[in-house]
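Colleague: Take this structure first; my questions come after.
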Amino acid sequence: MSGAAASDEARVARLRRDFPILAREVSGKPLAYLDNAASTQRPRAVLDAMTAAYERHYANVHRGIHTLAQEADELFEAAREKVRALLSAPSAEQIIFTSGATAAINLAARSFGDRFLNPGDEILLTEMEHHANLVPWQQTAERTGAVIRYVPLTDDGRLDLDAFDRLLGPRTKLVALTAVSNVLGTINPLAEIISRAHAAGAEVLVDGAQSVPHMPCDVQSLGCDLLVFSGHKMLGPTGVGVLYGRRDLLERMPPFLGGGSMIREVRFDGFLPADLPYKFEAGTPPIAEVIGLGAAIDYLGQVGWEWIERRERLLTEAAHRALGRIEGLRIIGPEPRHKGGIVSFAIDRLHPHDAAELLDRQGVAVRAGHHCAMPLHQRLGLSASTRASFYFYNTLEEVERLAEALEKAKAVFRRK
Ligand code: PMP
C-alpha cells in the first residue's frame, strides 16, 4: 500500500468511530456494511442533532410566535440553506422538502404533468431508471395521455446517446433520468444530455438519489430544471428528501398536496397558494429529519466532497479487481472509470439471494434482488443480481472480505 493509500485508510479508521453501528458484529464477525445504495448509516453528529432538536428546540414550524417554535423554525430554515449551498442553488426558496426522493418525483410528475403535458406529448426516460423514476411518469402518462419513450442502453450498461438524439423530438416535453444507476453504477453524462434536451425544448429532471450523496453537485452549472434526492442515502435520517427546481418552472407548477402551510388564503370557494417553497410543503414537515439532514450535510462537507468521490472510486476499482478474479462471476455495468461506488454482479449457478445470505453469515451486508429496477433486469436478461455498494467509510479490507466471502459461498454451493 502506498503512503497516500495508508493515510487514507487511517483517516477512514478515524471517521468510522463516528458511526456507532459500524462497530457492531454480525454472525460473530465485524460488520462489513456494503449496502449503502439502499441506505447509509448515520454518524453521531446526525443522531445528536436530531436528539437536541427533540430535547431542546422542538415545536411545529412556521406558525408559532413562542420561543420554541421560533428556534425550531430557525433550525429548519438553516437546514434549507445548507441544502441550497450543497446544490449551489440560486435561492433557498427553490429547495422543497419532501419525505424522500420518491415523494419528490411524484410531486414533480403530478404537478409538471398537470401543468404542461397534453395527449401525445412525450416523456423521455431511460432503461436504467429506478421504479421511483418510472412509475410516477407511467401514472402521469395514463392521466394526461402523454407517451413515454425509453433511451436504450449499450451492452456495457451506458446510455446510447445516438439513440437519445433520435428519440428527442419536437414533442419531447421532459427528459427524466438518473444521474447514477442504482444497479449498474453508471454515471450518466448529464451536462451533455441536458444541453441536447434544452436545444430540443425539453426540461430535464435529474434523479440524484445515487449522485448527490457521492459527488459534488452544482445545479446551476449542470443546468438541470428539477433535481431530487433522499436524506437517508447521505448519512441523514429516513423521511426527508428534496426537490430542487428552476424558479420560473416551480412558479408555474401547481401545488400537488393541499392542506395547511401551503396556502396564502383559503375561502369557502377556493384557495390561493403560498409562495415558494411553501406552496409545495403541505402539512407539518419532517422537522427533526430536516434538521438531521442539515447535520449530515455539515458532516459530509467536513469530510470533503472531492475526497469522498476519490475514495469511492478507489473502492470501486479495488472491487472490480477483487471480484474479477472470481471464476464464473460477471460484473454488470461499465468499467470503474464510468461508474460510482456500486458493483452489481451475477455468479454462475449461485442465486443472488443465496449469495447475500451466505455473505451475511460472514458479516458482509449486500443486497440481492431487482433493486427496484425490474425493467433494467429484463433488459439485462436477469431476474435478479447481487449488489455491493460503498460509501467513503468502507475499507479496502472490507472489499477483500467481500471477495473471500463470495469464494466461500461458491464453495458451499459446490458441495451441496
Ligand atoms: N432513485 C434511485 C436511483 C434510487 O436508488 C432510489 C432509492 N433506492 C430512489 C430513487 C428512491 O429513493 P427513496 O426510496 O429514498 O425515496
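Please treat every number below as a calculation from the coordinates, not as lab data. Just so it is clear, the structure is predicted and the values come from calculations on it, not from any experiment. All Cβ positions, even for glycine, are placed from backbone atoms using ideal geometry, and neighbour counts span all protein chains on display.
Colleague: Counting only pairs 8 or more places apart or on different chains, how many lysine pairs in the chain have C-alpha atoms closer than 29 Å?
Modeller: Within the chain, the lysine pair count is 14.
Colleague: Can you give me the distance in nm between label points at residue 48 and residue 6, each placed 7 Å from the Cα along the Cα-to-Cβ direction?
Modeller: Roughly 3.1 nm, to one decimal.
Colleague: Going highest first, how would you order 216-223, 42-49, 21-28 by mean Cβ packing within 10 Å? Could you put the intermediate results ahead of the total?
Modeller: Values: 216-223: 15.9, 42-49: 19.9, 21-28: 11.4.
Put in order of decreasing packing, that is 42-49, 216-223, 21-28.
Colleague: Another one. Report, for the chain, the % of DSSP beta bridges that are antiparallel, rounded to 5.
Modeller: 60 percent
Colleague: Right, another one. Give the angle, between 0 and 90 degrees and rounded to the nearest 10, that separates the Cα long axis of helix 67-87 from the longest principal axis of the Cα atoms of the chain.
Modeller: On a 0 to 90 degree scale, this one is about 60.
Colleague: Then there's this: Out of every Cα pair in the chain, what percent are spaced more than 28 Å from each other?
Modeller: 50 percent
Colleague: Taking the Cβ-Cβ separation of residue 199 and residue 306 as r and a Förster radius of 51 Å, what is the calculated FRET efficiency to the nearest 0.05? Don't skip to the answer; put the middle values down first.
Modeller: Details: r = 31 Å, r/R0 = 0.60.
Using R0 = 51 Å, I get an efficiency of 0.95.
Colleague: Could you tell me, in Å, what Rg and Dmax come out for the Cα atoms of the stretch 31-149?
Modeller: 19.1, 54
Colleague: Also, I was wondering about something else. Taking a ≥ b ≥ c as the square roots of the Cα gyration tensor eigenvalues, with a/c under 1.5 meaning rounded and otherwise prolate when a/b beats b/c, else oblate, which class fits the stretch 144-227?
Modeller: Values: a/c = 1.71, a/b = 1.23, b/c = 1.39.
In terms of gyration-tensor shape, oblate.
Colleague: May I pose another question? Suppose each label sits 7 Å from its Cα in the direction of the beta carbon; what would the residue 269-residue 221 distance come out to in nanometres?
Modeller: Placing both labels 7 Å along Cα→Cβ, they lie 5.3 nm apart.
Colleague: Continuing with this model, one more query. Classify the stretch 270-379 from the C-alpha gyration tensor, please: rounded if a/c falls under 1.5, else prolate or oblate depending on whether a/b exceeds b/c.
Modeller: prolate
Colleague: If you don't mind, another one. Only counting other Cβ atoms within 10 Å, I'd like 112, 97 sorted with the fewest neighbours first. Walk me through the numbers on the way to the answer.
Modeller: On the way: 112 28, 97 24.
So the ranking, lowest neighbour count to highest, is 97, 112.
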